[in-house]
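In what follows, a structure is listed as structure tokens, so that the remarks can point back to it.
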Amino acid sequence: MNRIVAVLVIATLLIIPIYTRISAILSSRIIQEKLGYLPSRGIVKISSLDHKSLLSEWLFFKVLLYFGERIDPFKRQLPTQVDYADMYRFLDVSTYVDPYNIDAYYFAEAAFTWEIGRIREVDALLERGLKFRTWDFYLPFFLGFNHFYFLKDYKKASQYMEQAARMTGEPLLTNLAARFFYESNETRIGISFIKFMIAKTWNEKVKRTLEIRLKALERVDFLEKGVERFVQIYHRKPLSIQEMVGTGVIRELPKDPYGGKFYLDEKGKIRTTSKFAYGRIHGNSNKDREPR
Amino acid sequence: METAIKIESLGKIYRGVKGKRVEALKNLNLEILKGEVFGFLGPNGAGKSTTIRLLTGLISPSSGRFSIGGSNGSLMNCKKMVGYLPENPSFYDYLTGEEYLSFVGNTFDMKGESIISESERLLTLLDLHGARKRPIRSYSKGMVQRLGLAQCLIHDPEILILDEPMSGLDPLGRILVRDIILNLKARGKCVFMSTHILHDIEVICDRVGIIVRGELRHLESIQDIMTRGIKGYRIIFNSLSDRVVDRLRTVGERIGSEKGTLSYYVAKGNMQSLLAEASTDKVTVIQLIEPIRRGLDELFEEVTRGN
Amino acid sequence: MLRCRNLFPNQAFGIAKVTLTGGRRDKVFITLIFISVISFLAVIPAASSLSMRQVREVAVNLSLSTISFVSLVLTVFFGVHLIYRDMEQRFVHAVLPLPISRGSYLIGKFLGLSAILAIGLTILSLFSSIGILIASATYKSQIPMLWENYVAAVFFEYLELLILASFAVFFSSFSTTVFLPLFSTVSVYIIGNVTQSVAEYIASPYGQKLPRFSIYISKAVYYIFPNLTAFDLKAKAIYSLRMSFSDLSFIFLYAVLYILIILSASLLVFRRREIA
């Protein structure tokens, strides 16, 4: 009897420092969040029984962890690429299992529009969600923005925005919605939209991505304002950004936070070689390269 | 003679749900000697199994103590002296009979060669040799029972605790087991057995204890029960003189007649005078005198029913 | 030598041997191992070839996942039935009256289960290696295959299973049904696998906003339940990442101590158990 108690006590005393050490090892490890295999959404929904919200949240969480780890430059040590298609599939199943899961919609809007331009898919998710979250202004608001900013379908955009504005008295939103009707400057609307998104997000990783996006858009805005001033002074569009710097319209060339270089396209629009995304500079699939 | 099992004021209280207390065994005092076959008798739920489980360490006593083979109280030492056959035994059924015996021999720290030779001997003795390489799962009830006896004999223990050793056996099996037990007795071993079959006790046991509702009610040697139990005699006459018939009318009772014989029952006290009468008579021929006993079954019934 | 005999007496090895024999002859064991071997040799090479870029990596991944799943089923199945079956079929009534202490019985049972799992894992890893070799022959990987990582991954999987097995023994030591050990062991597995993620989540800024109460609960869970994340070396095996020997030694020690703790607790309970 005493011998067993002795073993129990000694082992417990020994395990405490060892576990502390293991805890340290684990928290400094490289997280390899796998998305892995997921059956079709119908099967998932049936097998989730009455734990639909929990399962939906779990799927979303997996996507979030996966995304968070890929986006963190210090932990990018695994020889795999970000698998957006899988991420989208998980979000799709997540919102299919529980169509009320706002986190998933929010994340889809934040991560899939700017970063990879899969507007149609995101819109499909949002449209489906709108049928369930009938009270939620977020969904029409996101849809409105997508139609305005990415799809250039201004009529539909304003319809969605009206719907969103009707649902809420949110000052930031009414302000933004109003500007949808009068403002033609996409960049400034984009900035307002991102500021809105940043204010509403709690996830640090998502926030960081959005902040980088905001910085980029603010610099584009800065350059666009430069072009406007150039036109006022010289009554013509500048040929290049370097010309604006040369003539002293802008003081210096801002850096693209994504690591690319800003340039003016044939229509005088501000563009960047990074296409506002990491890791695209060296991609050979990049069709419109830097001119010259 | 030396004491083999000594039980001192042993008691067991089971605590059920809602604090319900069941006193399964009350203050049992018992001493069983070497070379003695002790029969433990009692109706179902009287405390036989509780006693045996206490002795084998499956449960622990609430009060009192016991020692086996003079060992000083350590349960492990007790277990080493004992061969135990559980009631309706069941052994690891995926093992073969041979493997199980080897496992048991090993737990008694027996040497490899003696395990092999002993299990060979016992399997043959108990008529299991042909089945020794078959899994126990495929054994019949009687075969399992016989294997149970083999596994408690393999280390040639001084003390055997057998719980219902005859159950599940066919008549031949019973005779075999009875002979084995009698042989053990002849070799000076102590056998503590519980059984429902009173006849077996009469034949095998030296002493019997009857336990009722957790209490030991009766403890007596079979010899005493047998002599004390004679109530009278059945006498079968081939022929009778009138004088003896007259006599029988007063002291006896006619219980039957067939094929020219007459049988009478005569109470124990009247036997002497009747025989004296008959011996002077030339006509009267006695074919058979048979004692009529108050058997173990009557004693059992009396002890069990009585307060 | 004397001490060693005291710790694991002959009787414990006897019980272990019997348990192992029972495991080897069990239909569930044979069937599961057979199905896994088939899947390693046929399904995994075929399935991995569907991956365009990393056939070998997918094969390793699938193999380890299969091993982990199959051996988990084996552990839970055998672990839960280990003592329950002996009680239910009244084998203990014949075994415990033999000169086998309760401790030897429990330790013997655990050793027997460990041996069953060791045999199962050995067969599984051997055949999965063949499957991986077949798969890697079809497409050359950029990363070298480190077999020592693969072996380490399987070995640490084994340690994880032994911890679970000790829990199964612990729950069986006082339970009279099969359900309590079953659900509790599965719960320990689930909790053990998420506790690290939960702890990291709690430590993150968002986690700080949770109610005090749930933070304390999660911390208690983190320190009391086994942290099974430590035993997951799949990524190291799949991508042939470097492993730190000292880290692994700590994890090994952790497993050994954890098993010791749970087994001695089981023993304290089982000694007092009345076998009716």
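The values are calculated or read from the model by the stated rules, or taken from the named source; none is laboratory data. A quick note: this is a predicted structure, and the numbers were derived from the prediction, not measured. As a convention, Cβ positions derive from the backbone with ideal geometry for all residues, glycine included, and neighbour counts pool all protein chains shown. Note: areas computed on protein heavy atoms with side chains; ligands, DNA, RNA excluded. Shrake-Rupley method; radii C 1.70, N 1.55, O 1.52, S 1.80 Å.
Table for the structure above
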{"read-out": "Condition met for residue C:71 (out of contact with any Pro (no Cβ under 9 Å at 6 or more places or on another chain), of a type in the set (Gly, Ala, Ser) and part of a helix (DSSP H, G or I))", "value": "yes"}
{"read-out": "Residue list for region A:111-143, filter: small (Gly, Ala, Ser), open to solvent by 10 Å² or more (accessible area, probe 1.4 Å) and modelled with pLDDT under 85", "value": "A:117"}
{"read-out": "Residue count for region C:203-221, restricted to those that are at the interface with chain A (Cβ under 8 Å from one of its Cβ atoms) and open to solvent by less than 40 Å² (accessible area, probe 1.4 Å)", "value": "1"}
{"read-out": "Residue satisfying all of: in region C:224-276; closer than 19 Å to residue C:149 by Cα, in contact (Cβ under 8 Å) with a residue 24 or more places away in the chain and of a type in the set (Ser, Thr, Tyr); farthest from the other protein chains (Cβ to nearest Cβ) among these", "value": "C:240"}
{"read-out": "Residues of region C:173-195 satisfying the condition of being within 13 Å of residue C:75 (Cβ to Cβ) and among the small types (Gly, Ala, Ser)", "value": "C:192"}
{"read-out": "Filter pass, residue B:188 being farther than 21 Å from residue C:25 by Cβ and assigned to a helix (DSSP H, G or I)", "value": "no"}
{"read-out": "Index of the failed condition, residue B:31 passing every other in (1) under 17 Å from the mean Cα position of the chain (by Cα); (2) away from every other protein chain (no Cβ under 14 Å); (3) surrounded by 15 or more Cβ atoms within 10 Å (Cβ to Cβ)", "value": "(3)"}
{"read-out": "Positions within region B:78-113 being of a type in the set (Ser, Thr, Tyr) and either touching an Asp or Glu at 6+ places or on another chain (Cβ under 9 Å) or open to solvent by less than 40 Å² (accessible area, probe 1.4 Å) (or both), in sequence order", "value": "B:84, B:90, B:92, B:94, B:96, B:100, B:107"}
{"read-out": "Single residue of C:55, C:28 found to be in contact (Cβ under 8 Å) with a residue 24 or more places away in the chain and open to solvent by less than 10 Å² (accessible area, probe 1.4 Å)", "value": "C:55"}
{"read-out": "Residue under evaluation residue C:193, criteria (1) within 24 Å of residue C:151 (Cβ to Cβ); (2) at the interface with another protein chain (Cβ under 10 Å from one of its Cβ atoms); (3) modelled with pLDDT under 90; (4) surrounded by 14 or more Cβ atoms within 10 Å (Cβ to Cβ), criterion not met", "value": "(2)"}
{"read-out": "Matching strands (runs of 3 or more DSSP E) fully within region B:235-307 where at least 2 residues are hydroxyl-bearing (Ser, Thr, Tyr)", "value": "B:261-267"}
{"read-out": "Residue under evaluation residue C:135, criteria (1) open to solvent by less than 30 Å² (accessible area, probe 1.4 Å); (2) within 22 Å of the chain's Cα centre (by Cα); (3) among the aliphatic types (A, V, I, L, M), criterion not met", "value": "(2)"}
{"read-out": "Count of region C:155-190 residues which are part of a helix (DSSP H, G or I), β-branched (Val, Ile, Thr) and open to solvent by 30 Å² or more (accessible area, probe 1.4 Å)", "value": "2"}
{"read-out": "Matching residues in region A:8-42 - criterion: being in a loop (DSSP other than H, G, I, E, B), within 14 Å of residue C:251 (Cα to Cα) and at pLDDT 70 or above", "value": "none"}
{"read-out": "Restricting region B:284-307 to residues that are under 29 Å from residue B:258 (Cβ atoms) and among the polar types (S, T, N, Q), the residue that is most open to solvent (accessible area, probe 1.4 Å)", "value": "B:287"}
{"read-out": "Residue match in region B:85-101 (condition: assigned to a strand (DSSP E or B) and away from chain C (no Cβ under 11 Å))", "value": "no"}
{"read-out": "Matching option when the condition is in contact (Cβ under 8 Å) with a residue 24 or more places away in the chain, open to solvent by less than 10 Å² (accessible area, probe 1.4 Å) and touching a Pro at 6+ places or on another chain (Cβ under 9 Å), among B:148, B:173", "value": "B:148"}
{"read-out": "Residue within region A:47-55 that is of a type outside the set (A, V, I, L, M, F, W, C), modelled with pLDDT of 80 or more and either crowded, with 19+ Cβ neighbours inside 10 Å or in contact with a Leu (Cβ under 8 Å, 6 or more places away or on another chain) (or both) present", "value": "no"}
{"read-out": "Residue identified as of a type outside the set (Asp, Glu), more than 11 Å from chain C (Cβ to nearest Cβ) and either surrounded by 16 or more Cβ atoms within 10 Å (Cβ to Cβ) or in contact with a strand residue (DSSP E or B) (Cβ under 6 Å, 6 or more places away or on another chain) (or both) among B:125, B:55, B:75", "value": "B:125"}
{"read-out": "Options B:66, B:38; residue that is closer than 26 Å to residue C:101 by Cα and open to solvent by less than 40 Å² (accessible area, probe 1.4 Å)", "value": "B:66"}
{"read-out": "Test result for residue B:281, open to solvent by less than 70 Å² (accessible area, probe 1.4 Å), touching a helix residue (DSSP H, G or I) at 6+ places or on another chain (Cβ under 8 Å) and among the acidic types (Asp, Glu)", "value": "yes"}
{"read-out": "Boolean, residue C:185 is of a type in the set (Val, Ile, Thr), closer than 30 Å to residue C:109 by Cβ, within 13 Å of chain A (Cβ to nearest Cβ) and in contact with a helix residue (DSSP H, G or I) (Cβ under 6 Å, 6 or more places away or on another chain)", "value": "no"}
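Results for (1) in contact with a Phe, Trp or Tyr (Cβ under 8 Å, 6 or more places away or on another chain); (2) within 14 Å of chain B (Cβ to nearest Cβ), shown as yes or no for each residue.
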site	(1), (2)
C:41	yes, no
C:44	no, no
C:49	yes, no
C:58	no, no
C:71	yes, no
C:75	no, no
C:88	no, yes
C:97	yes, yes
